[in-house]
Every structure is written in structure tokens, then in C-alpha cells.
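Accompanying notes for the structure given below.
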Amino acid sequence: MPEVSAELNRTLPAAVAPDHSLPALIFGVVLIVTVTCGNVLVCISVYLEKALKTTTNYFIVSLAFSDLLLAVLVLPLFVYAEFQGGVWSLNMLMCDGLMTMDVMLCTASIFNLCAISVDRFIAVSIPLNYNRKHVDHRQLILLAATWLLALAVASPVIFGINNVPDRDPSECKLEDNNYVVYSSVCSFFIPCPIMVLLYFGVFRGLQRWEEARKLKLRNSIEACRKLQHAAVATALPPLTGTIPGPLPMPLPRIIERDLAQCRLDDTDDDMQQEIPYPRQYRENSVPTVTFSEQLTRKKRAKINSRERKAMRVLPVVVGEFSSSDPSSSSN
């Protein structure tokens, strides 16, 4: 009998001793440092740079703040558990707090992405009622609702839904399968179609705006061309090489450049025709618009960047949305 007891004493510590995983620790530390530094840089950039203090960037700061809290409060404990070989060696109350923060912060991150899509949809659909520089009460309500809804989704864990009778104290996870389904639906399957529909609406709105802009530009250029045709027909004599009297006014340079840009996107045969003018007509033209070339390029680049701002956000949002599912990190 003493021999059996001694044998148990020799084998029991080896069975319960955690198998330390050094690669998990190294990878976890690198991940924590990377996520923390990246989100801190986002917050500092918006805080210090005046040009970045826009309404959309405040939502991005809220997203960065939720990811920062996730890296500081949640990831270290998960890394510690993985370093211990997947064995939870702390008490169950801390496990419930960890699960609550995990679900809440992951849900807040996804809800912030959804709030950004709502903000972009409003900016494209009703731009006259959208404040680009200052946060108004509607945006404050949207930001507050993002965090309150995330807290509501995660609150059942801290209120004891994770306390099941056959709970294993060596594992820290969500124990109630019904709550796992509930949190996954609220945190992923409901926001996902909402974001897809909103960004589709943004895409269609930008398409309609671009088509209306091109149509207006085309009509303006056609009107100017008709005036030039009439002016050239009355100013140029049929058989003489000289041009008597004052020369008709050519198209301004800005309209000429817009016409060239429009020709790249339009295959209309009427727009492809060039009107021949004598060299004297081109060289002796009356003064036209005097905006500098560099200033015009800057304004055009600013307008184009604003037009494509929402479309540049879409691939980033979809990738971030797919990687932020709380059900994958909680199970």
C-alpha cells in the first residue's frame, strides 16, 4: 500500500503540471505590442493633427480604443493561459470577467465598424445635413449606442450565465451554448448584412453622383462648342488667309482639361471630334481663366479623394469585420 501511494505521488504532479508553450508566449507578446502600438498611434495622430479631427475619424478613434482595450485587458490573460498549455490556473470570477470583456470589446469593435458604415451612408445620401468638422448630437448618440449595445450583449456573462453545474475549473470559456449563439448573432450575423447593404447604398449613391456630374459637364461643354462653331463660322472668311476683326473667345483652359478627362471616360463619337483652329487663333486668344496649374491639380485631387473616400474604406472594413468575430476568440 505505501508503494502504491508513493507511485501516485510521483505520477500526479507530472499529470497536472502545465506544459509551457514558449512559441505561444512569444507570438502573444508580439501580437499585443503590435496591436497596442498601432492603435495608440491612431489615437495620437487624430489628437495632434488638426486636419484629422473629422467626424469619421472620431468613429475610427472609437474603434481603435476598443481594440486597444482588447489588447491591454483581454489578450494578456489569453496569452498566459496558452503559455500554461491551455490550462486556466486563475479563479472562475476572473474568468467570467475576462469573458465579459472579451465579448464586449469584440462586439464594440464590430459595432464601431457598423457605425462607420452608417456615417458614410449619411454623408453620401444627405450631404447637406452632414457635419464634416464637428460631432453633433446624432453622432454622439450613435457612438454611445455602440458601446451600450456592446455592454448589453456581454452583460449576461458577468451576471452568472457562465456558472453551469459541471463547469471545468481548468478551462476558461463560454459554457452556455445558447448564449454563444445569441452573442454570435448579435455581434456578427446582424451587423454583417447591415454593413453590406449600407456600403452598397454608398456605392450606388457615388455612381449616381458621378453620372450626374459627367452629364452636367458634357452639357456645358456642348453648349460652349455650339457657341464656338457659330463664332468661327462668322469670323473666318472663306477664301482669305487673314482673320479680320477680333478673334472669338476659345474655351477656357479648365473646360478644355475637363473635356480631355471626359473623353477618357466617354466613347461618344461627337465628343471625339477635334475642331481645327489656325495657329494665329490659338496664339492670339483672349485671356482665359488664370488659376495656376498646381492649384487646379490640388483641388482636383482633393475632390477625387473625397469622392473615393467611402470606397477606400470598404475593403479595410470587410477584412477587419471578418477577423473580429467574437465567437472565434471565445470558443
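How far apart, in nm, are the 7 Å Cα→Cβ label points at Leu31 and Ser45?
Going from the Leu31 label point to the Ser45 one covers 2.3 nm.
Can you give me the Cα centroid spacing of segment 25-88 and segment 142-210 in angstrom?
Between the Cα centres of segment 25-88 and segment 142-210 lies a distance of 19 Å.
Using θ = phi - 60° and the Karplus form 6.51 cos²θ - 1.76 cosθ + 1.60, what ³J(HN,Hα) does each residue of segment 201-207 get, whole Hz, x for Gly and Pro?
Working through the residues one at a time gives x, 4, 4, 5, x, 5, 4 Hz.
Want the number for Glu222 to Phe189: 0.36 nm per residue separation, take away the alpha-carbon distance, what's left?
Result for the pair: 6.9 nm of gain on full extension.
Quick one: order Trp209, Trp88 by neighbouring beta-carbon count within 10 Å, fewest to most.
Trp209, Trp88
A short reminder: the numbers here are calculations on the coordinates, not readings from a lab. Please read all numbers here as calculations on a predicted model, not as lab measurements. Cβ sites come from the backbone with ideal geometry, for glycine too, and all protein chains shown count toward neighbours.
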